[in-house]
Each structure stands twice: as C-alpha cells, then as structure tokens.
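Notes to accompany the following structure.
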Amino acid sequence: MEYKYVGYYYILLILVIGCKTGNIKSQKNKQENLKTWHQKDYNTDKLPGISLEKFLSKSKSLKSNNQIIVAVLDTQIDTNHEDLKDAIWVNTDEIPNNKIDDDKNGYVDDINGWNFIGTKSGDYTVWGNFEYTRIVRDYTPVFKDKKREEIAAGDLFKYDEYLRALKYQDKWSTYYTNFLKSLKYNTLLYPSAKDTLKYYFPKEDYTLKQLDSVYNLYKKNNKTYKERRNSGDTDFASLVLMMKVNLELYKDFEELNDKRTQLDSIANKNLNINYNERISIGDNEKVLEKGYGNGKINSKLAGTRRLFGHSTKVSSIIAANRKNNIGIKGFSDNIKIMPLSISPSGDESDKDVAASIYYAVDNGAKVINMSFMKEFSLHPEWVIEAMQYAEKHNVLLVHGSGNDAFDIDTNPTYPNDYYYDGKEEVCGNLISVGSISSRVDSTFVSDFSNYGKKNVDLFAPGENIYTAIPENEYESGSGTSLSAPMVSGTAALIWLYYPNLTVQEVKQIILDSGTAYDIEVLIPGEKGKKTHFRELSKTGKVLNVYNAMELAKKISKTKSEEKKNKPQGISYRN
C-alpha cells in the first residue's frame, strides 16, 4: 500500500511540474507574441496584425533578386546597430571622405545618405523653431496690424495662417514660460527640501500621502502651489508642497534638472523668433538648393540618443535583419534604408522636406517614409512640387497621420496631398496612416492617433511596437511614426516581387487589400464618444500584407499578359 501511495505521489508531482512548465512556456510564448503582434494574422493568431508572417510562411518559394531602397526622412540614425548595419544604403558612386562630389549629384561625400540640418562646422542642428514661430517671424512684417479687407485675395490664405500661428505662438509661449518658471522654482528649492525632510524621513522613503499629511500639518494658509511659486515662497510648507509635486512628476533630481534644461531650450529656441537655426546651417532659407548640410547621419555630436533614436526605430520596422536571430525582423533583407536627416528638436523645415524628397527620388529610392507631422507649413508649395516630382518618377510617399488625437480633415497637418485652402488632392502617391492597438474592442484605435475620413487612408499597428533603439538595444514604443513604416515595408515588398506596377497601382493595392473590422470604437480625443471604425479613415481598413501581395500578384500577372498579347507595331520599309 505504501508503494502504491508513493507512486500516486510521483504521478501527482509530475503533473504539477508539467503544469508549471506549461504555464511558464505559455507565458513566454505570449510575451514573444506581443513583441511581434503587429506581424500576426487575426484569423490565425487572434491578433489584429498586418499578416506579414502569414505571407512569408506561404511564399518561401517566391524569389526576388531585386533590391528596393526606402528613404527614411527622420532624425539621425544608428548605422552601426546590430540589426540595421547591413541594411543601410551605400552610394557606390561616391568615394568616401575625399571631399569631392564624385557622382555629381550635388552632395559631397554622401556615402549613406545626407544630413540636411548638418551645420557648416560639421556639427548637427539640435534645436529648430516650431513652424508657427517661423511663420510669425516671416509674416509679421507683411501682415502685422492689418485688417482682412486690406489683404489681396491671393494672400488671404497666408494671412489667415499668420493669425492662426500668432494664437499658437502666444498660447505655447505662455505655457512653456510658466512651465519653465515652475521647474526653476523646483530645482532651486529641491536641495533644501530634501535636507529638511530627512529630519522626518531619514531613509527618504516618504510617499505622496505622507507628504500631504506633513503639508497639511504645517501650512499656515491655503496658498496654491502656483501662488507659492509666483511669490517665491521658501517656508517649510512650500518645501514640502514642492517635493510633493516633484514626486508626482519626476523620479529624481536628475530627471527634474534634465526637464528644466529641455524646457529652457523650448522657450528660448523653439519658440524664439530671434533664434534661427538656418544661420548655423549656412544655407539660403528663401530658395531651394542642393548641397547644404553634411554627410554625417550618425553623429554622436547630437549628444543624446533621443536625437538619433527615432529613425533607428522607424528603420528597424522596415528592414531589421531577418537572418541574425537577434532583436527583431523587418520585411525583407533586400530592403535598403536611405537615411535622410531633417528632424531636429522642433519642426522640420519645408525646405529640408522638399530637398530630401528630391534627393531620395534622384538617388534611387522607391518608397519615402515620413514619420513626422506638423500643424503649419511655411512653404507648402515646395513640398507639393517635390511630391508631384516623386509621383512622376513612380515613387510612393508614406506619412504618419500624427499623435494629437484629432480629425485632420478639420485640423491642418503637413505634409499632405492637398492644400487647406480648398484645392483638391494634388498628387496620387501619398498614403496617410493612423494607429491601432492589439485590442479588438472599443479601444482598437490608439487613443493618441489622428484620424480623418478624407485624409487618413488606412490604419496600421502603432501601439506597443517592439523596435531597435540605439546602441544595440530594443524597446517597445507607440505612435503613428511606427504605423507608417508598416506601410512603407509593404510597398517595398510589393515592388521587390512585382516591379512592373506603377505607384498609383501600389497605393491602390494597399488601400483595397486591407482588413475591415466591424466594430464600434472610441474616437480619439472625444471623451467617450464612439463611431464605427470605418468612419475614421478613407478605406475603413487595417493594412494587410498577405492580401496586398495576393492582389499585387494578380494585377501584375494581368498586366504582363496584356502586354504580351498586345499587337506589336508593324514596321514598313520603302
């Protein structure tokens, strides 16, 4: 009997261990699935991804010897990242570092791309103006103190934009000035507050609730934090209240001080009409031209990882190495990234946007990814002409719709494929992309994503996306900046296998082949208001790589057959 019970015990023990092992394995698989959820298929995996894995698993026999260049208009990039270093475009017509424009394209030593905000001294522009600040600076001499009836009909749109820019300038100047004032007050009092509180909390392990109790015990009046800050109060109650505010917002003094430094630059550079980053760049900001900037696209002079981290994230989604079994996997190892740096801390200049589009087209890019957005445009005509140039050369533009949680049909955003002065669509080669989450419920559309029945074409995953970041590291992030490269990678895949398709056909294939979801969703920024998912974009769909590739195959085959069966012209000799 004893042996019998021992046998039962071991059987039970094995079952328990098996269950625990199974649970651990299940949790690990779940975590890995969440890292790659955006590449999954909804029908197979119950995750609303883009079905990239489904396409790749069913197309192993599909071969392509082509290479596709995707230009990424963004920040600087970590070209040495383990998952990206083999995917960076190389200009083989240029001899490195000889200070000669060997390929005669107007750019000296552009080995891997170009930094359009590189300075004359070989440095990198860290801070740029906001676009509304540029508009106020440029338009004030023309429109200041003028009434609308005094403005010529052809200048009314610029006049209205000037008035709108003035409101933004006043609003954000006031906001950041007050914010900076608070941070200066906090950093000034922080050392005294820290030392004083040691008397009550020797281990400095106080909580918000404890600080609140101490404050209520010692306060002599009902002054608010703002009132104490404005009057420069330094009494004990003010010290405690200040520390309470810091504890809510910042993990330590270093983070507080970093925030103060950043806010100081926003107030005194981004928003300062007397600060102009073009002076250090050394170009003529009034005209489009070639050659300004420099070839340093991975300059550590930037000072922080943030200034070359964004492009690293975006590019890794498109072209991270698929064979090295580390980090993440992009769409194809046959995709090459052309890094074009145009993004400082501030808004991109229309001149740099336009010049980088021309550069990308002229140097062989088929897809241009633009994961940036601004609410004003000083020279929209420059960008529109560049976009039209790209269309004529069969190049697709992909743009993230932005992260302001508003309707871009009524709130202007740039770049876009139409003017906000009533004109119709001006090019047919731009796709605007919103962001979805992994949750197929009312929170399906990311709460930060912009939307628009007219101006957002479709959605793609953009929430909790696992990407590469500088210095061989990885992390999850969110934003329509990460939705756009999903579409760019898809377009690159289509052209890798079906190069006979036009840019208009590739765009339509991507839009027509998306997945529709029959659900009610919360409208971003509308406080609980819902609508059907299809009402938030032109197509009402989510990007689907597998469907897109199937449709591309069908259309490409039809085109090839039509060309083959088309009667050839007859040549007559005299």
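Say we look at region 544-568 and pick out the residues that are of a type in the set (Ser, Thr, Tyr) and either over 17 Å from VAL503 (Cα atoms) or modelled with pLDDT of 95 or more (or both); which of these is farthest from the chain's Cα centre (by Cα)?
SER556
In region 502-523, which residues are more than 12 Å from LEU543 (Cα to Cα) and among the hydrophobic types (A, V, I, L, M, F, W, C)?
Selection gives VAL503, VAL506, ILE519, VAL521, LEU522, ILE523.
Which one of PRO202, PRO141, PRO191 is closer than 30 Å to GLY282 by Cα and more than 30 Å from the chain's Cα centre (by Cα)?
PRO141
Is there any pair with a first residue in region 437-448 that is within 17 Å of GLY402 (Cα to Cα) and in contact (Cβ under 8 Å) with a residue 60 or more places away in the chain and a second that is of a type in the set (D, E, K, R) and surrounded by fewer than 20 Cβ atoms within 10 Å (Cβ to Cβ) whose Cβ atoms are under 8 Å apart and which are 6 or more apart or on different chains, and what are they?
Short answer, once both residue conditions are applied: PHE448/ASP404.
If you check VAL456 against the conditions, is it in the same structural domain as GLY428 (by TED's automatic domain parsing), closer than 17 Å to THR515 by Cβ and either part of a helix (DSSP H, G or I) or touching a Phe, Trp or Tyr at 6+ places or on another chain (Cβ under 7 Å) (or both)?
In short, no.
How many residues are surrounded by fewer than 21 Cβ atoms within 10 Å (Cβ to Cβ) and assigned to a helix (DSSP H, G or I) when one looks only at region 232-243?
2
Tell me the strands (runs of 3 or more DSSP E) entirely within region 473-545 that contain at least 2 residues that are in contact with a Ser or Thr (Cβ under 8 Å, 6 or more places away or on another chain) and surrounded by fewer than 20 Cβ atoms within 10 Å (Cβ to Cβ).
Ranges flagged: 473-477, 520-522.
Results for (1) of a type in the set (A, V, I, L, M); (2) in the same structural domain as LYS323 (by TED's automatic domain parsing); (3) assigned to a loop (DSSP other than H, G, I, E, B), shown as yes or no for each residue.
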position	(1), (2), (3)
SER61	no, yes, yes
LEU73	yes, yes, no
THR79	no, yes, yes
ASN91	no, yes, yes
ASN97	no, yes, yes
ILE100	yes, yes, yes
GLY106	no, yes, yes
ILE111	yes, yes, yes
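When you scan region 374-384, how many residues do you find that are in a helix (DSSP H, G or I) and farther than 19 Å from ASN455 by Cα?
Matching residues across region 374-384 total 1.
Among the residues of region 55-83, how many are under 25 Å from the mean Cα position of the chain (by Cα) and surrounded by fewer than 22 Cβ atoms within 10 Å (Cβ to Cβ)?
Number of matching residues: 5.
Test of understanding: among VAL126, VAL72, which residue is farther than 15 Å from ALA360 by Cβ and β-branched (Val, Ile, Thr)?
That would be VAL126, the only listed residue that is farther than 15 Å from ALA360 by Cβ and β-branched (Val, Ile, Thr).
Which of the helices (runs of 4 or more DSSP H) found entirely inside region 255-373 contain at least 1 residues meeting this: over 29 Å from THR502 (Cα atoms)?
278-281, 306-319
State all residues of region 112-126 that are touching a Gly at 6+ places or on another chain (Cβ under 8 Å) and surrounded by fewer than 17 Cβ atoms within 10 Å (Cβ to Cβ); if no residue qualifies, say none.
Listed by number, the list holds a single entry, LYS120.
The values are calculated or read from the model by the stated rules, or taken from the named source; none is laboratory data. The shown structure was predicted, so the numbers you read here are calculated from the model rather than taken from an experiment. Note that we place each Cβ from the backbone using ideal geometry, even for glycine, and neighbour counts take in every protein chain shown.
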